[in-house]
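Single-structure report; data block below.
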Amino acid sequence: MMSESGEGVGLSFGDRLARRIQRVGNPVCVGIDPRPERLPRAILRDLPDTAEARAVACERYARGILDAVADLVPIVKFQSACFEALGPAGPAALDRAARYAAQQGVLTIFDGKRNDIGPTAEAYALAYLDSDAWRFDAMTVNPYLGSDGVTPFLKAAQRHGKGLFVLARTSNPSAAEFQELQVACVSPNDAQAMPLYQRVAQAIVAWNQPSAAASYSGYGLLGAVVGATSPAQLAQLRSQMPGVWFLVPGYGAQGGTARDVAGGFDPHGLGAIVNSSRGVGYAYEQDDASPKADWTELVRDAVLAMIADLESAGIRIARTT
Ligand SMILES: O=C(O)c1cc(=O)[nH]c(=O)n1[C@@H]1O[C@H](COP(=O)(O)O)[C@@H](O)[C@H]1O
């Protein structure tokens, strides 16, 4: 079973992402993180005060964003927490929105940062990658439990041409608390200490190697999440992790700039997707006085501005047809 997007059906996730980025000519990932209190007035107007109504409103918001950007960007990322926060109706709204995204031809990431012990990870992999229950092209995974917690996702992703983005060096203020702890490897031959995120990066490279070697683009099915808020680590990891896609959150609302993310790309402008959720999805809040009637036009303008900003930092991708 491959992506419903029809984008390069038959190709691995790494190749499908490369192809789609080259088709649209930019590496922007639009984050869809709906917060009921921040939805556009046009959606909030006459909204009944029920959980079901809020979930339908968030779905309308997600569809509005997709209508505005699906032809512009390679990929979108749904923040599961924002839908789960709406109660039982939230995940159902997420499912409808994700299916709509697939119909629009844009690739999709389920951002739920899932993991558990092996057998439970298998159940998560069954839900998000193996079965028809959810239709996403990729998902985020937390590697804290070690390789037996990641392997079920890896195997399911391989079976179905899907992708994984594994947390490596996250964008949040406390990221260094554990991720930069110096760890020594168990083998006495390998006594050199390194930050924990570097050890995770090494594991990601090893897990990714077979699919990268078999790909056309050189990029495998695994990605690493590396925040825009640590540009030095991002650039260092790029050189250490050839063939691994980066999902780079933290641009915009968290302070990351185009210059900060530039080190995440390879010389061809591939290798990374840069996420912006609030900076794009709530662009209409900045511009209440805008003569543009439709909030989705302001969201589209924000994406065009982000693309131009990334280009100004040298992130350019040659378009292919
Ligand atoms: O995996 C993620 O997407 C993620 C990892 C990380 O290190 N930092 C991070 O911000 N994210 C997610 O990326 C999005 C960032 O949102 P904005 O700060 O509004 O652009 C949110 O959905 C976060 O949960």
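The values are calculated or read from the model by the stated rules, or taken from the named source; none is laboratory data. Only a predicted model underlies this, so the values are computations on that prediction, with no experimental measurement involved. Here the Cβ is made from the backbone with ideal geometry for all residues, glycine too, and neighbour counts use every protein chain on show.
Among the residues of the stretch 140-184, write down those that are within 16 Å of the ligand (Cβ to nearest atom), over 14 Å from residue 226 (Cβ atoms) and surrounded by fewer than 21 Cβ atoms within 10 Å (Cβ to Cβ).
142, 144, 173, 174, 177, 178
Among the residues of the stretch 114-124, are any under 29 Å from residue 228 (Cα atoms) and in contact (Cβ under 8 Å) with a residue 40 or more places away in the chain?
No: zero hits.
Given 285, 311, which one is charged (D, E, K, R), surrounded by fewer than 16 Cβ atoms within 10 Å (Cβ to Cβ), at pLDDT below 95 and part of a helix (DSSP H, G or I)?
Going through 285, 311 in turn, the sole match is 285.
Does the stretch 285-293 contain at least one residue that is touching a residue at least 12 places away in the same chain (Cβ under 8 Å), within 29 Å of residue 82 (Cβ to Cβ) and of a type in the set (Asp, Glu)?
There is at least one residue in the stretch 285-293 that is touching a residue at least 12 places away in the same chain (Cβ under 8 Å), within 29 Å of residue 82 (Cβ to Cβ) and of a type in the set (Asp, Glu).
If a residue must be more than 11 Å from the ligand (Cβ to nearest atom), of a type outside the set (Asp, Glu) and either more than 27 Å from residue 212 (Cα to Cα) or assigned to a helix (DSSP H, G or I) (or both), how many such residues does the stretch 229-282 contain?
Selection size over the stretch 229-282: 17.
Exactly one condition in (1) more than 21 Å from the chain's Cα centre (by Cα); (2) at positive phi is not met by residue 255; state its number.
Residue 255 satisfies every listed condition except (1).
If a residue must be within 16 Å of the ligand (Cβ to nearest atom), of a type in the set (Gly, Ala, Ser) and not in a helix (DSSP H, G or I), how many such residues does the stretch 65-90 contain?
1
May I ask you to say which residue of 130, 111, 137, 148 is under 30 Å from residue 52 (Cβ atoms) and out of contact with any strand residue (DSSP E or B) (no Cβ under 9 Å at 6 or more places or on another chain)?
Going through 130, 111, 137, 148 in turn, just one is under 30 Å from residue 52 (Cβ atoms) and out of contact with any strand residue (DSSP E or B) (no Cβ under 9 Å at 6 or more places or on another chain): 130.
Could you check residue 13 against (1) among the hydrophobic types (A, V, I, L, M, F, W, C); (2) modelled with pLDDT under 95; (3) crowded, with 24+ Cβ neighbours inside 10 Å and say which number it fails?
(2)
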